[in-house]
Amino acid sequence: MRFLHSISAIVVVAFAVAACNSGKSAYKHGDYYQAVLTSVQKLRSSPEHKKSVEVLKLSYQAAVDYLEQDAQNQLASNANFKYKSVVANYEKINQLYNDIRTSPGALKVIPTPVNRFKELTDYKAKAAEESYDAGVQALMLNTRQDSKNAYFYFSDANNFSPGFRESIEMMEQAKENATVNVIVEATLDNRYSWNFDPTVFGYNSNMFVKFYTAQQAEQAGVKRIDQFLKVVVNGYSEGLPQISRRVENRTDSVKSGEKTVNGQKVPVYQRINSTTTIFQKTASSHASINLWITDASSKADIKNQEITSDMSWSDSWAIYTGDIRAVASGNRKLVEKREPNMGPGYLQGITKKDLDSRLANAISSYYSQF
């Protein structure tokens, strides 16, 4: 128990040293904001921590001055999205204010932290207008990438000032313009009842790519179709199980009794032998599909990628003659087994699962660029 308490004490000390060192390091590297955050956090749990008090005294005013000066520099500039930068700086000043106010130890060191709540409200409104105007300009360029940019500009505007102008409606319009609409066609030449739709429709890593069946697209009133996607099953083959064998001959000696020699009992050993035949049954499969993506306007192939899978199954068992005690320990469990048989449809099942995984990776790799 004392050992466990000692371990706990060491861990606590280690964390305290790490926190202190990280705060001092941040200060030395000019990251006054992080230095304040770290020291305040430490003082929340240890209100009298001397080194954190020292770091906080040194870094707080420096952090506020730096953030304020940077905000003023942004305001005096012609930089794009300058109000967004000002908002970010004033939010940091307010974060320091809130953190210090909720840390009694820090509040003793900095009894009157400053805030920029009033200024933040004003500049958020300007940042919303700034982002909204950028969104309108981007949307007017009428390209998919610019529409994607516009979506995020309108999203920023709505975040700065919820419901700002028509930001929500404009987000929806920009997203519609930026989204690649894909019609997923039925799997071709499928003699194996393989359904790849869950894999295709399961892709959701890019909000600007949307998959539909033809019926779904019609019901949703999709105005523009960009691509057609289909999975073609080229074939599946499965070989008959093959059996290989190898033989192990072993000789060992075991104690069979005792005898008296010169008045002392000594063990008597008996030589034993065994012949173990170890069998291995294996079966393998091969399958191939193609991921075929076509441009809806030109009907040209955009992507035609073959995806293959090679899977296998194997199991072993053994028989022996002679003395079981001479059989190698690693083979004794094999001796207890009977000839195994692969379950019906096992190889086809794991092959399909592997194809699903490879198909999902191929889809993700291709559509991550949009």
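The values are calculated or read from the model by the stated rules, or taken from the named source; none is laboratory data. Computed from a predicted model, the values in this text were never measured in an experiment. Virtual Cβ from ideal backbone geometry, glycine too; neighbours counted across all protein chains shown. Please note that ligands, DNA and RNA were not included when accessible areas were found on the heavy atoms of the full protein model with its side chains. Shrake-Rupley method; radii C 1.70, N 1.55, O 1.52, S 1.80 Å.
Just a few scattered comments:
- Considering the stretch 243-277, the residues that are closer than 21 Å to I324 by Cβ and charged (D, E, K, R) include one that is modelled with the lowest pLDDT, namely K255.
- Whichever residue in the stretch 207-243 is in contact with an Asp or Glu (Cβ under 8 Å, 6 or more places away or on another chain), in contact (Cβ under 8 Å) with a residue 60 or more places away in the chain and not in a loop (DSSP other than H, G, I, E, B) and, among such residues, is nearest to K281 (Cα to Cα): N234
- Test: residue in the stretch 344-367 that is over 30 Å from W194 (Cα atoms), open to solvent by 70 Å² or more (accessible area, probe 1.4 Å) and either at pLDDT below 95 or not in a strand (DSSP E or B) (or both): no
- T321 vs. criteria open to solvent by 40 Å² or more (accessible area, probe 1.4 Å), in a strand (DSSP E or B) and touching a Pro at 6+ places or on another chain (Cβ under 9 Å): no
- Tally of residues being surrounded by 15 or more Cβ atoms within 10 Å (Cβ to Cβ) and either acidic (D, E) or at positive phi (or both) across the stretch 167-181: 1
- Of all residues in the stretch 137-151, those satisfying the criterion of being part of a helix (DSSP H, G or I), open to solvent by 40 Å² or more (accessible area, probe 1.4 Å) and not charged (D, E, K, R) are Q137, M140, Q145, N149.
- Cβ separations smaller than 6 Å between residues 6+ apart or across chains give the following pairs from the stretch 104-118 residues that are over 14 Å from E68 (Cα atoms) to residues that are assigned to a loop (DSSP other than H, G, I, E, B) and at pLDDT below 95: P104/P47; G105/P47.
- Residue-level check: of (1) outside any helix (DSSP H, G or I); (2) at pLDDT below 95, L58 misses just (1).
- Residue that is open to solvent by 30 Å² or more (accessible area, probe 1.4 Å), in contact with a helix residue (DSSP H, G or I) (Cβ under 7 Å, 6 or more places away or on another chain), without any contact (Cβ under 8 Å) to a residue 60 or more places away in the chain and on the phi < 0 side of the Ramachandran plot, where the choices are F160, F164, F154: F164
Rundown of residues vs (1) on the phi > 0 side of the Ramachandran plot; (2) of a type in the set (A, V, I, L, M); (3) in contact with a strand residue (DSSP E or B) (Cβ under 9 Å, 6 or more places away or on another chain), yes/no style:
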position: Y192; (1), (2), (3): no, no, yes
position: S205; (1), (2), (3): no, no, no
position: F208; (1), (2), (3): no, no, yes
position: G221; (1), (2), (3): yes, no, no
position: V232; (1), (2), (3): no, yes, yes
position: Q242; (1), (2), (3): no, no, yes
position: R246; (1), (2), (3): no, no, yes
position: F279; (1), (2), (3): no, no, yes
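- Test: V184 is of a type in the set (V, I, T), touching a residue at least 12 places away in the same chain (Cβ under 8 Å), farther than 30 Å from P47 by Cα and open to solvent by less than 60 Å² (accessible area, probe 1.4 Å): yes
- Restricting the first member to the stretch 65-88 and to residues that are part of a loop (DSSP other than H, G, I, E, B), and the second to residues that are acidic (D, E) and at pLDDT 95 or above, the beta-carbon pairs closer than 8 Å and six or more apart or on different chains are F81/E130.
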